[in-house]
Amino acid sequence: MQTEILKPTDLNIMRCASRLKAGELVAFPTETVYALGAVATNAQAVKKVFEVKKRPMDKPLIVAVSKKSDIKKVVKSIPQKAQILIDKFMPGALTLVFDRADVIPDEVTAGSSSVAVRIPDNAVAQKLIELACAPVVVPSANTSDKASPTLAAHVKDDLDSKIEYILDGGASEIGIESTIVDVRTDPPTVLRAGGVTVEQLKAAIGEIKAKREDARLSGYMPNAEVLFSAYYDGMTDNICKRYDELMAKQKTVVILCLDGNRSAYGDRNVYTVGDSYEAYAHNLFALLRKADGEHYDAVIAEGVNPVGLGESLIARLIKLSGGLII
Ligand code: AMP
Ligand code: MG
């Protein structure tokens, strides 16, 4: 099978929607990362997603709809606090977990009676899902051993010859996955920190529970060892020390740092992530791919302050480092 990258013209979006309707898979842009779509109500199509991604069957998939009024078609009921979150953050990088409606097959939810739902904040994604006339599963469009793709070219690197079409919508704006909140509990429970921050959620609905993510359960790991620094005054000095120790052991190392800290690392290898936590999130996965492409043995990632997107970045970096914090 040839994999074609398509410009997101109306005609091409229609072409992809008809492939989805026929039970095929299509990759497309969202504001978080690129998604590998299949019609969520088609169990055979959903099974193909697990095969192509080499994803463990017990890891449920998020379902996307194109507009708020379609959420009720895939869930049993919408609790009051969920409605507030829907009104405030959808479309956007927020996924809510509900009791699932019968139209959603076991294959999507790994047998669970719940379903995770979101509305991507991306015009191409919304149009595609609308034209498919069905909810669409939206796992990241990578094989499970690779970083989530934030460019059409990343998708092609991973899934070449396994899918027909990739709609190219340019770089994903946010670059990390959605925040997941279980609204079956009261107060709701944050299952994964992501594009919408916990502070934003609290401002909207008050109390919210946080469930610690298990670092050992992470899927993707870069080939390079990831060391993640705590955030404190002496951080850059400590990173330099660890870098020099690794170099003395003949390891090749690169530091991920904010633009403002660049000068603290002298002539050591550095990838700058930008000048904000938003930029750090946006560039993180692409830079980890780059580090693997350039065969670095280790990546040392700067720590961040746990405010705003910083909290979601910390959750990602803890997973990527296997919980190893320097
Ligand atoms: P990924 O597609 O890799 O971004 O992963 C989707 C995430 O959503 C995983 O962490 C799943 O555990 C979570 N998820 C999907 N469906 C459900 C569900 N029904 N209940 C709880 N978590 C879910
Ligand atoms: Mg993923």
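Brief remarks follow.
- Nearest-ten-degree value, helix 277-293 long axis tilted from longest Cα axis of the chain: 80 degrees
- Summary value for the chain: 20 percent relative contact order, contacts being C-alpha pairs under 8 angstrom separated by 6+ residues.
- DSSP bridge pairs, the chain: antiparallel proportion in percent, nearest 5: 40 percent
- Working ranking of peptides 233-241, 77-85 by packing, defined as the average number of other Cβ atoms within 10 Å per residue, highest first, is 77-85, 233-241.
- Karplus-based coupling profile of region 154-160, in residue order and whole Hz: 4, 4, 5, 4, 8, 10, 4, with θ = phi - 60° in 6.51 cos²θ - 1.76 cosθ + 1.60 and x standing for Gly or Pro.
- Region 1-78, relative contact order [Cα under 8 Å, separation at least 6], %: 15 percent
- Scanning residues 5 or more positions from Glu225 or on other chains, those with amide H under 5 Å from its amide H are Ala298, Val299, with H placed 1.01 Å from N in the peptide plane.
- Out of every Cα-Cα pair that region 1-118 contains, those further apart than 20 angstrom amount to 45 percent.
- Residue-normalised accessible area of region 202-307, given per residue in Å² at a 1.4 Å probe: 53 Å²
- Where Rh is the Kirkwood radius over Cα pairs, Rg/Rh for region 104-152: 1.00
- Rolling a 1.4 Å probe over the heavy atoms of the protein chains gives region 1-87 an accessible area of 48 Å² per residue.
- For Arg100, the residues 5 or more places off, or on other chains, whose built amide H falls under 5 Å of its own are Lys76, Ser114, Val115.
- Calculated SAXS-style log₁₀ I(q)/I(0) at q = 0.06 Å⁻¹ - the chain, Debye, Cα scatterers: -0.21
- Anisotropy class of region 55-154 from Cα gyration tensor, a/c 1.5 cut: oblate
- For Lys127, the lysines whose Cα falls under 16 Å of its own Cα, not counting residues fewer than eight places away in the same chain, are Lys7, Lys21, Lys67, Lys68.
- Surface share of carbon and sulfur [accessible, 1.4 angstrom probe, percent] for the chain: 50 percent
- Among 96-104, 259-267, sorting by the average number of other beta carbon atoms lying within 10 angstrom of each residue, highest first, gives 96-104, 259-267.
- For the chain, the longest principal axis of the C-alpha atoms and the axis of helix 80-89 are separated by about 70°.
- Accessible area per residue (1.4 Å probe, heavy atoms of protein chains only) ranks Arg268, Arg15 as Arg15, Arg268, with the largest value leading.
The values are calculated or read from the model by the stated rules, or taken from the named source; none is laboratory data. Bear in mind the structure is a predicted one, so any value in this text is a computation, not a measurement. Heads up, the Cβs are rebuilt from the backbone with ideal geometry, glycines too, and the neighbour counts pull from every protein chain shown. When the accessible area is computed, the model is the full protein with side chains, heavy atoms only, and any ligands, DNA or RNA have been set aside. Shrake-Rupley method; radii C 1.70, N 1.55, O 1.52, S 1.80 Å.
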